1. What's the FRET efficiency of Q73 with L224 using the Cβ-Cβ distance as r and R₀ = 35 Å, to the nearest 0.05?
2. On a 19 Å Cα-Cα criterion, which of the cross-link pairs K128/K148; K273/K370; K112/K133; K123/K148 come out too long?
3. As a quick test, which of the pairs K235/K296; K70/K107; K313/K349; K238/K276 have an alpha carbon distance above 24 angstrom in this structure?
Amino acid sequence: MRGKSRVTIGILAVAMCFQSAAFAAKADPESARRQLALHYFRGVINFEAGRYQEAMDEFRAVADVDPYYKDTQKYISRLDRYRAELLDPKDGRDYDTKGVDLYFLGKHYYEKGDYDRAMEAFKAILDKAPGDKFALYYKQLIEAASPKYKRVAGVAPKSEADEIAVLQKEVSYIKEDVDDKEDSEAFLQERAQARAERDEIIRSKERQLDRQEDILEEERKDYLAQASLAKRAEKVAKESEKWRRMKEKLSSRQPGIPADLTEFPAYQNNGEKYYKSMKESLRESRWNSAGLNAIKSALYYCDSLLIYYYGIKSSYPEHENIARLMAEYIHRADLDENIIRLRAILNMKIIIEGEDRPLTRSEAIFLAEKAERLIQWCRSILP
């Protein structure tokens, strides 16, 4: 057994040297990826071969660098569960009902030195197949290694020559395992490098496809946007032509012309703009500008009121008809006094245009006062 222990220690030392050399390699990204893949495939091979501790060591090495590399966490969970539930049965069930690979289980316990559990596993195999050579071989090794099973078996102790022969046979198996492991190391390195190169090619192609998809998506969006704009422009042109013809037809017969609700914001904004200009002109004593802005702001606010609620507005340049339109369409108790204010503003407008002169201070203040009250009334009605 000392020879076995020495060989085992030598194997572990060689494995540690390989591992240390791998981590001591240059720490460039390509090398790191190869080392990560190498540890992962070592773990998979050890897991499939039943070398669970070695598999756990390899998967732990992978998890220390990248915990989410491929199926690393899945293998670690399986190994933990295998160790907790299968390698240490505590619920009274036999190994066969647990679906355990008895060959690897018995070898695992034998290598750990737990001869009782190893013997239990190999006896379970021999109960089903008494002539199984592998189980008989390890059963003999356990009997030779443990005095307890020598007494239980009731056989005479083997000679020193027989024990040496058995140990030599075991050493030959271990050497074969070492040779296979060295060959697998080289194979795994080549496999890991090839896989890393293939993954890089795939990633490069995926990036190229992503760029092409982005370009196609942008072109599709541009096309849809242009088509939508063209459709909207055509619709707006048709609606504009329709309203233009209707206005031309009705403007000669009626004091007002039909107006769409979409015109309301423009009229309201113009009324507010001229109202602010009126206030600023009054502060700066620019009387003519203040009076003209008062007239414009009052007319725009009155048209806004008619457009929003009744879909009609005064026809340019006959703004004087706006008072008639308001009297015809609006029915409110406070309408009359505001129509009086509007007519006063319109009369002043006619006087100024007829005399072709600038407004005086008193006239500007008069217009601003009438426009102020009229606009406040319009604001109270509009939303």
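1. The formula returns an efficiency of 0.20 here.
2. K128/K148; K112/K133
3. From the list (K235/K296; K70/K107; K313/K349; K238/K276), the Cα-Cα distance tops 24 Å for K235/K296; K70/K107; K238/K276.
Rule-based calculations on the coordinates, nothing more; no lab input. Since the structure is predicted, the reported quantities are computational estimates derived from the model, not experimental observations. Glycine also receives a Cβ, built like all others from the backbone with ideal geometry; neighbour counts cover every protein chain displayed.
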